[in-house]
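This report refers to the structure that appears directly beneath it.
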Amino acid sequence: MNILIIALSGIGDALMFTPALQRLKEEFPSANIDALVMYNGVKDIYEKLPQLSKVLHFDFLKSTKLDSLRYVLNLRNKYQATVNVYPSNRRVYNIIGRLIGAENRVAVKYLRKDFANFGFLNTSQIEEDDNLHNVEENIRLVEKLIGKKINNIPPLLLNLQNDDEEFAHGFLKEKCILKNDLVIGFHPGCSSLKNHDKRRWELTKFAELGKRLIDKFNAKILIFGGGEEEVLKEMIIAEIGSPNAHAVNAFKLTNTAAVINRCNLFITNDSSLMHVASALKLNVIAI
């Protein structure tokens with residue numbers, strides 16, 4: 001049996017599907033379970049999960065509609081079932097699932113705008129429940145596919161491998177961060193899509209908090225973020241004005257996760273790295 005997980009919505013959503021993925025693989029140990037993703041961070045995480053046979057990475061946002069259509073049609077009729085991870089209430093995700101053409105297309109029936117976003121293109125739906133966590137909704141999707149109740153929900157799954165640990169070791173050594181140092185992680189950014197950047201805690205507050213933690217506890221402050229967030233990191237470091245504040249720069253999300261794993265506390269906006277820190281079972285303050 002070939003199953004495709006359609007995980008196009010983002011890093012946090014992809015992580016919150018991992019408990020359901022674990023149970024799915026346990027139920028169908030001989031199945032080939034692939035994942036379709038479009039963010040590099042999701043690719044980094046999913047490629048290190050033993051439950052997945054293959055991770056298909058295609059950047060729909062940067063590709064033309066014609067190239068995207070060609071890519072999707074190349075997957076047509078290769079899978080017996082697809083699962084749209086929760087939440088993914090977008091018309092294009094349902095169209096992609098339909099074009100891939102699996103006989104069983106499992107998704108959530110959303111309470112808001114499900115018909116407008118072509119939810120009817122899925123063959124098997126569960127009713128959205130606002131009282132449930134995203135992880136629980138994903139478990140219900142897998143229950144729908146396997147036809148049985150799942151009683152125990154495993155934790156989020158994030159596998160760090162030797163290259164990740166080596167990166168973290170090298171970074172910490174370079175910054176002279178010792179075993180007994182108090183290390184506090186900051187993530188001042190978050191997705192800029194859907195105006196989420198308007199919910200960010202002010203940079204001046206991150207900087208002031210960093211100053212106080214350094215003055216009172218001699219803490220080492222590690223500031224995380226990638227892409228457009230490089231400027232945010234440098235602004236906070238400049239305002240803190242201490243050699244105890246360092247920017248973390250990595251090309252792979254799992255490398256970043258290995259450094260986050262050294263933190264005693266992680267202070268963050270509602271972001272992908274918030275979910276990464278939670279998967280690592282760290283103490284997290286979400287602002």
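The values are calculated or read from the model by the stated rules, or taken from the named source; none is laboratory data. Keep in mind that what you see is a predicted model, and the values were worked out from it rather than measured. Reconstructed Cβ throughout: ideal geometry from the backbone, glycine too, with neighbour counts over all protein chains shown. Note: areas computed on protein heavy atoms with side chains; ligands, DNA, RNA excluded. Shrake-Rupley method; radii C 1.70, N 1.55, O 1.52, S 1.80 Å.
Share of segment 47-192's accessible area from carbon and sulfur, percent, 1.4 Å?
So the carbon and sulfur contribution to the accessible surface is 50 percent.
May I ask you to list the aspartates and glutamates whose Cα is less than 20 Å away from that of LYS149, ignoring any residue fewer than eight positions away on the same chain?
GLU26, GLU27, GLU127, GLU128, ASP129, ASP130, GLU136, GLU137
To the nearest Å, what is the center-to-center distance of segment 1-33 and segment 214-287, using C-alpha atoms only?
28 Å
Accessible area per residue of the chain at 1.4 Å probe, in Å²?
It amounts to 49 Å² per residue over the chain.
Given the DSSP H assignment, sum -39500 (n - 2.57) over each helix run of at least 4 residues in the chain and divide by its residue total; what's the result at 222 nm in deg cm²/dmol, nearest 500?
Details: 11 runs with 109 residues, N = 287.
My calculation for the chain gives -11000 deg cm²/dmol from helical runs alone.
Which of the pairs LYS54/LYS179; LYS179/LYS233; LYS175/LYS252 have their Cα atoms more than 26 Å apart in this structure? Walk me through the intermediate numbers first.
Working: LYS54/LYS179 37 Å; LYS179/LYS233 24 Å; LYS175/LYS252 19 Å.
Over 26 Å Cα-Cα: LYS54/LYS179.
Rounded to a whole number, what % of the accessible area of segment 232-287 do carbon and sulfur atoms account for, probe 1.4 Å?
Answer for segment 232-287: carbon and sulfur cover 55 percent of the accessible area.
Can you find, among TYR79, ASN131, ILE95, the residue farthest towards the positive end of the dipole of segment 61-196? Put +1 on the C-beta of Lys and Arg, -1 on that of Asp and Glu.
The listed residue farthest towards the positive side: ILE95.
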